[in-house]
1. Is it the case that A:GLN112 is at pLDDT 95 or above and either assigned to a helix (DSSP H, G or I) or not acidic (Asp, Glu) (or both)?
2. Hey, any hits in region B:133-152 for a residue that's part of a helix (DSSP H, G or I), touching a residue at least 24 places away in the same chain (Cβ under 8 Å), surrounded by 15 or more Cβ atoms within 10 Å (Cβ to Cβ) and under 14 Å from the mean Cα position of the chain (by Cα)?
3. Take B:ARG183 and decide whether it is surrounded by fewer than 18 Cβ atoms within 10 Å (Cβ to Cβ), facing chain A (nearest Cβ under 9 Å), of a type outside the set (Gly, Ala, Ser) and touching a Ser or Thr at 6+ places or on another chain (Cβ under 8 Å).
4. Please enumerate the residues belonging to region B:124-163 that are within 14 Å of another protein chain (Cβ to nearest Cβ) and basic (Lys, Arg).
5. Give all pairs with beta carbons closer than 6 Å in which a residue from region A:92-110 that is over 11 Å from A:GLN71 (Cβ atoms) meets a residue that is among the charged types (D, E, K, R); count only pairs at least 6 apart in sequence or on separate chains.
6. When region A:169-178 is examined, which residues are found to be within 9 Å of chain B (Cβ to nearest Cβ) and over 15 Å from A:CYS96 (Cβ atoms)?
7. May I ask you to list the residues in region B:153-177 that are in contact (Cβ under 8 Å) with a residue 60 or more places away in the chain and within 18 Å of B:SER109 (Cβ to Cβ)?
Protein chains: 2
Amino acid sequence: MDQPKPPPRPLRADAERNRKLILETAYEAFADEGVDISLAEIARRAGVGFATVQRRFPTKDALVTEVVRGQLAHIGQDPAQGLDAWQAFTAPILECCEHQVKEPGLAGSIAQILSSASEPSVREPILDALVPLVTRAQADGALRDDVCVDDVLLILKANAGVIANSPGKEAEASRRFVALALRSLRP
Amino acid sequence: MDQPKPPPRPLRADAERNRKLILETAYEAFADEGVDISLAEIARRAGVGFATVQRRFPTKDALVTEVVRGQLAHIGQDPAQGLDAWQAFTAPILECCEHQVKEPGLAGSIAQILSSASEPSVREPILDALVPLVTRAQADGALRDDVCVDDVLLILKANAGVIANSPGKEAEASRRFVALALRSLRP
């Protein structure tokens, strides 16, 4: 009972193939149609058994989180050179917002997972990248002193609403909104 | 065929009672649980026949629109006295945003119906009230010159996203967001 959990074993090649297939299928389905699609339907589209999906992803939330993790893994990890403090601060936000436009069915989940303390493995690396960018932009006088990372997460939640409620004009509405929202963070 | 449609007859008392009952039931259901609830379920909860609901509201959209119309009918119709140009401009926006918080299941529909040219009877009276407030606030130097009514509608769409993606903290998140968003409209 008190034994520490053994580290996860690497998956066998066919299990790894199935896992990748499920994630790719889920990405397409969620991004286009939203996260209401059932695990059973994902299994059917991926051409694998329902039990196979359930073994890897016991709940829909687990699968959605893993899909979002894959999409956002690169954000803030490889900051572009030559940006001023404001550009460096806004770059990862703009990247997240672009993911939301490209994957409208996942736009709300992206915001929620980044805001959720229960998903630290997705949230923490991005927040760890963002916090020093906030500090630097504030030190530089490019960002209001009372802005915190939660305000950035609010923008992502808000952008999900703009996308969901602008049928046929998602990209244009989101672009206008994000420009407005970022302006509100200026001193 | 070319006859003009006769004006709608006033409803008989029992028909009017049913209509009110359906609208009240739909309001409770949509506000709390969202607009995915079926017309059949609304009929069941209201204790009226499905055919009765369908006769008054042939589609779910028609029923949602009518519920939203009832909620927003007063907005901008009775402007408070003694407000400065900025307060007068923000008052109806804050009222709409408060409706979204109070009726989270309708938050997206409120934004969409106000944005939709296909619902002029809900949209136009509110926009007619808002446009002179925009003009006055701009003349007063309280509002950026490049702000248009569509930006206000973007805030409502965004607020719906903040509410939908802040489970358990809807009111607090919305309040913070709306303050940020309005700030972005200041010169």
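1. Criteria not met by A:GLN112.
2. The answer is yes, given that some residue of region B:133-152 is part of a helix (DSSP H, G or I), touching a residue at least 24 places away in the same chain (Cβ under 8 Å), surrounded by 15 or more Cβ atoms within 10 Å (Cβ to Cβ) and under 14 Å from the mean Cα position of the chain (by Cα).
3. Yes.
4. Those that are within 14 Å of another protein chain (Cβ to nearest Cβ) and basic (Lys, Arg): B:ARG144, B:LYS157.
5. What qualifies is A:VAL101/A:GLU170; A:PRO104/A:GLU170; A:GLY105/A:ASP32; A:GLY105/A:GLU33.
6. Within region A:169-178, A:ALA173, A:ARG176 qualify.
7. Result: B:ILE155, B:LEU156, B:ASN159, B:ALA160, B:ILE163, B:ALA164, B:GLU170, B:SER174.
The values are calculated or read from the model by the stated rules, or taken from the named source; none is laboratory data. Because the structure is a prediction, the values reported are computed rather than measured. Using ideal geometry, Cβ is built from the backbone for each residue, glycine included, and neighbour counts are taken over all protein chains shown.
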